[in-house]
Structure formats: structure tokens, C-alpha cells
Amino acid sequence: MQHPNPNLIAITGAPGAGKTSVLSVLASRGYACVSETARQIIQEQQAAGGDALPWRDSTAYLGLMVTRSVDSYLEHQHARRPAFFDRGLPDSLGYARLICSPNEHEVKTACDRYRYANIVFAAAPWHAIYVTDDQRKQTFNEAITSFQHVLDAYHACGYRTVLLPEATPEERADFVLSYLS
């Protein structure tokens, strides 16, 4: 197992729980922020007419998520200042478990090899802000199930999760920065 870089900070959570909004605030304050690979993959696959989508070929989608997550990790692995990730590799493990992937062991191996800071911030499902769109098709109940799989995956990988408060993106960013200091 690789030693974690304490400057690589994952923000995980349920679909539609406000992670990206918090990251936008952190980016506006000058912090490095790494975009969510899963949503990028969906957008690219839809534009290209591809099948590596959660609702078409979940195994191919998972493979792309892991590859892209490792790539973004490697790109930032030597960060000397905080770099915030919109999801981390254990999110892929949670997804692998959700879809009962035969590749779960390989995903867990990648999670063990590429380690983020031990503290991970998590945005719980929040009905008041949850919306669906062309890339997020889960019902709110599916988002709850997905969140539990993701939390379980982070815990299985030895991370400690800290729940973000239900608050504005600015207040959530303040919470993260205050917690880290």
C-alpha cells in the first residue's frame, strides 16, 4: 500500500448532493480542483454515441472510470498544496459493488495503490437540492443506495469520512477548510 499524500483530498457523496458546487467555491478561492471523471465519461460517450454508460454497459463504464481516476491521481500525486478531487478511486469501488462487477478485486487493488488523504469529505443525499438531468438519471432512492455503497467502499479502504453539513456551497467550503486547518 502506498503512503497517502495528505494534500490529495477527496470529496465524495451521493449523486446530486452538491459536491461539484463546493469544489467550484474552492476553485474560486485558488485551490486546485480535479473534475469528476464519471460525469465527463458520460458526456463523452453520449456525444460519441458510445455504450460505456451506466445504463448501457456498466462494466465498460467502470473500466473507464478507474482508468481516468488513476490518471487524474497520477497527474496530481505530488501536490504540495491541497488539491480537491470530485470523487476518488473508492467511488469506483462503490460502483463496482453496486453493479456486482466481477472486476471488484482489481478496483480494490487500484484503491489500495493510489491513496488520498485519510480524511474524506462526504455529501449525504439531500432531497432539497437533488435534481436529475441527461447524465444523472438515478431516482433519489437510488442516490441513497449509491451513497451507502460509496461510504462502505471508503471505509473498506481505510478512510475516515466526515459528513458535510447541509448548507450553502460557501459554508460547506468553509467547513472543509476549517476542518483541515
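Read the figures in this text as sums done on the coordinates, not as results from a lab. All values reported here derive from a predicted model rather than from experimental measurement. Every residue, glycine among them, receives a Cβ derived from its backbone with ideal geometry; neighbour counts consider all protein chains shown.
Points to keep in mind about this one:
- Prolate/oblate/rounded label for the range 110-181 (Cα gyration tensor, a/c 1.5): oblate
- Think of it as helices only: each DSSP H run of n ≥ 4 in the chain is worth -39500 (n - 2.57), and spread over all residues that comes to -15500 deg cm²/dmol at 222 nm.
- Near residue 175: Cβ cut-off under 14 Å, other residues only, Lys/Arg at +1 and Asp/Glu at -1. The net charge is -1.
- Note on 72, 146, 24: ascending count of other Cβ atoms within 10 Å places them as 24, 146, 72, the fewest first.
- Over the chain, relative contact order from alpha-carbon pairs under 8 Å, at least 6 apart, %: 36
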